[in-house]
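All remarks here apply to the structure that follows.
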Amino acid sequence: MIETPVPASDIAPAGPRADLLGMPFDELATWLTERGQPAFRARQLAGWIYSSLAPDFASMRTLPQGLRDELARAASIAGPRVRTELAARDGRTRKLLLELADGRLIETVLMLYPASAEGRARATVCVSTQAGCAYGCTFCATGQMGFERHLTAGEIVAQVVHFARELRRAPWQAPDGKRIDRVTNLVFMGMGEPLHNYDNTLKAVRILNMPAGLNIGARHMTISTVGLVPGILRLAEEPLQVNLAISLHAPNNAMRLRTMPVTRKYPIEAVLDACQEYAARTNRQVTFEYVLLAGVNDAPEHARELAALLAPLHQLCHVNLIPVNATAAAYRPPSGDAIRAFRDTLRTGGISNSVRAERGDDIAAACGQLRTREAHGSETGAAAPAPNPAP
Ligand code: SAH
Ligand code: SF4
């Protein structure tokens, strides 16, 4: 693992400045015209922020000096302060621990993928939507922290802009020779539940999607949810084609309830009905995530039950199997043989599936793990190793 010192320019200013990263184009335009600026300034400023990826207002050379001074006084594009930045040994996973203006900590991860049978090389940012999370899934480090607060749209966008700036400064050379100098994909799979923070998450999606912004296609974005039915139905009505991922993690309600308390409020049947609706309205496939927990949900009969459960959706769905990333909770990933057996049983049952490659194990890449580690470290005044699961 490589720890990188944080440059002073990444330190966010304090104070009640307008966060321009949280403004869709029309809001940015209004903000500028209210300050007596001509209409064309909005496109110019957005160009500096998202196309040139300028780190500050001082470097926006085509803006009049007076406007640059006013922006420096009244606005910000700095984003949260970087507390720690870690890179996995293979350099393909980079993780940030960010400190928000109120001192709360969140995590963001960049994952670099070489070209494969599944598509071109890509740079995917995994963003957080909340500090902490209210849903308390037992295998999730973030869930064990409890809910702190929603992130603003600007705090969500800033996570992506950080890595966009980094890739521009130092593009990734993929093994096939391709240079990746932009963020190509987004997954809303960091800390927090995106549909619990619906308005700010969707606002961030629009900002990141806008042509005058980073222009990341909605089809290249995936929102992952614990299964909040009203949020899924609302998302189905949006004129956006984002991918939906459902954290299912069990083939029946009784079992799911043991690891995911949200099941009491939204049983699996209601979640699957909402997914049918989502697929019908958007024409998008739904992905089901299934965290494999050794001795808990990984037996062949669980795979058979899961295949039967998803059979009515089989044309519209794909299952992503994720061997659990060990957190402080007493869970372990299954053996390779158990994972293969689970896959094969699902496939025999007619359900397309894949196993998600583990990422950045040496940098505590699972959601909430780095923050947990830092918290343990600060108790002892030193960096502590990632917490191990109880025996
Ligand atoms: N709250 C949303 C999105 C954030 S979690 C959700 O639950 O879908 C993103 C994904 O990481 C979810 O599928 C979640 O179940 C999974 N996850 C959480 N803890 C994990 C762990 N320890 N190992 C592997 N995956 C984990
Ligand atoms: Fe929250 Fe998702 Fe973690 Fe569950 S898995 S506690 S919903 S972040």
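Quick note: the coordinates plus some simple rules give every number you see, no bench work behind them. Since the model is a prediction, treat every value here as computed from it, not as a measurement. Here Cβ is always computed from backbone atoms with ideal geometry, including for glycine, and neighbour counts include all displayed protein chains.
Calculate for the chain the 222 nm mean residue ellipticity that helices alone would give, adding -39,500 (n - 2.57) per DSSP H run of length 4 or more and normalising by residue count, nearest 500 deg cm²/dmol. Before the final figure, lay out the partial values.
On the way: 11 runs with 120 residues, N = 391.
Helix contribution divided over all residues of the chain: -9500 deg cm²/dmol.
Given +1 on the Cβ of Lys and Arg, -1 on the Cβ of Asp and Glu, and no further charges, what dipole in debye does segment 108-190 carry about its Cα centre, rounded to the nearest 20?
On the way: 9 positive and 6 negative charges, 68 e Å.
The calculation lands at about 320 debye.
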Test item: Cα-centred dipole of the chain, Lys/Arg +1 and Asp/Glu -1 on Cβ, debye: 680 debye
Radius ratio Rg over Rh of the chain, counting only Cα atoms, Kirkwood formula for Rh: 0.97
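Exactly which GluC sites (Glu not before Pro) in segment 251-318 are in a DSSP loop and have at most 11 other Cβ atoms within 10 Å? Provide the component values of the computation, followed by the final result.
Details: sites: E269, E277, E289, E301, E305; in loops: none.
Sparse-neighbourhood loop GluC sites (Glu not before Pro): none present.
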Nearest 10 degrees, 0 to 90: helix 300-310 Cα axis against the chain principal axis: 60 degrees
Low-density loop cleavage sites - trypsin sites (Lys or Arg not before Pro) in segment 79-119, where at most 16 other Cβ are within 10 Å (DSSP): R89
Nearest-ten-degree value, helix 198-209 long axis tilted from longest Cα axis of the chain: 60 degrees
With Cα atoms, 0 to 90° folded angle of helix 153-169 axis to the chain main axis: 80 degrees
